[in-house]
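Chemist: Below: one structure in structure tokens.
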Amino acid sequence: TITIGAAGTAGAADTAGGTGGTTSHGALVTATGGTGGARGTDNGMPPGVGGAGASGDFNSTGGPGGNPSATDGFAGGGGNSMLGGGGRGVSTGAGTTGGVYGGGGGGAAGTSLTGGAGAAGIVVVTEF
């Protein structure tokens, strides 16, 4: 059974983003979802951590999100995956959605705005 992990949910106004779901190919391989990023008002807080693959022939770890900077007025960007970029951090408006296949959502620039949702995972099976 192949299970595609759900995208991390967009952070509601003034809250951290949601953690992405686990993607798996039966009991053969798994990859955890990354953790949600910090609120935009959490100046200097560490970004969300990328998920990690396990038990495959090629395992990778997703990149961390970008640090928010309330001082400079920028929200943190979403973490990149091997196959898709994260949503960019913004200086005005709501956060941007994560890129294709596992990219994290970008943070919002303001306490009354929502962050972007992450992108769902993917399983790639290569037969040779």
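Chemist: Can you run down the residue pairs with Cβ atoms below 8 Å, 6 or more apart or on separate chains, where the first is in region 72-95 and among the aliphatic types (A, V, I, L, M) and the partner is open to solvent by 50 Å² or more (accessible area, probe 1.4 Å) and not in a loop (DSSP other than H, G, I, E, B)?
Modeler: What qualifies is V90/F74.
Chemist: Now a separate question. Which of the residues spanning region 101-128 are in a loop (DSSP other than H, G, I, E, B), among the aliphatic types (A, V, I, L, M), open to solvent by 20 Å² or more (accessible area, probe 1.4 Å) and over 30 Å from L28 (Cβ atoms)?
Modeler: L113
Chemist: Hey, any hits in region 54-65 for a residue that's under 20 Å from G18 (Cα atoms) and in contact with a strand residue (DSSP E or B) (Cβ under 8 Å, 6 or more places away or on another chain)?
Modeler: Within region 54-65 (the criterion being under 20 Å from G18 (Cα atoms) and in contact with a strand residue (DSSP E or B) (Cβ under 8 Å, 6 or more places away or on another chain)), the answer is yes, since at least one residue qualifies.
Chemist: Among the numbered conditions (1) at positive phi; (2) under 12 Å from the mean Cα position of the chain (by Cα); (3) of a type outside the set (G, A, S), tell me where D14 comes up short.
Modeler: If we test D14 against (1) at positive phi; (2) under 12 Å from the mean Cα position of the chain (by Cα); (3) of a type outside the set (G, A, S), just (2) comes out false.
Chemist: Do you know which residues across region 89-100 are surrounded by fewer than 19 Cβ atoms within 10 Å (Cβ to Cβ) and part of a loop (DSSP other than H, G, I, E, B)?
Modeler: If the condition is that a residue be surrounded by fewer than 19 Cβ atoms within 10 Å (Cβ to Cβ) and part of a loop (DSSP other than H, G, I, E, B), then S91, T92, V100 are the ones that fit.
Chemist: Which of the numbered conditions does A31 fail, given that it passes all the others? Conditions: (1) of a type outside the set (D, E); (2) on the phi > 0 side of the Ramachandran plot; (3) in contact (Cβ under 8 Å) with a residue 40 or more places away in the chain.
Modeler: All conditions are met except number (2).
Chemist: Next question, about the same structure. Might you check whether a residue that is open to solvent by 80 Å² or more (accessible area, probe 1.4 Å), under 16 Å from I4 (Cα atoms), assigned to a loop (DSSP other than H, G, I, E, B) and among the polar types (S, T, N, Q) occurs anywhere in region 63-78?
Modeler: No, because not a single residue in region 63-78 is open to solvent by 80 Å² or more (accessible area, probe 1.4 Å), under 16 Å from I4 (Cα atoms), assigned to a loop (DSSP other than H, G, I, E, B) and among the polar types (S, T, N, Q).
Chemist: Here's something else I'd like to know. With the requirement that a residue be over 17 Å from P47 (Cα atoms) and open to solvent by 60 Å² or more (accessible area, probe 1.4 Å), what does region 1-27 give you?
Modeler: T1, I2, T3, I4, A6, T22, A27
The values are calculated or read from the model by the stated rules, or taken from the named source; none is laboratory data. What you see is a predicted model; the values in this text were computed from it and never measured. When we count neighbours, we look across all protein chains shown, and the Cβ atoms used for this are built from the backbone with ideal geometry, even at glycine. Ligands, DNA and RNA are stripped out before the accessible areas are found, and what is left, the full protein with its side chains, is counted by its heavy atoms. Shrake-Rupley method; radii C 1.70, N 1.55, O 1.52, S 1.80 Å.
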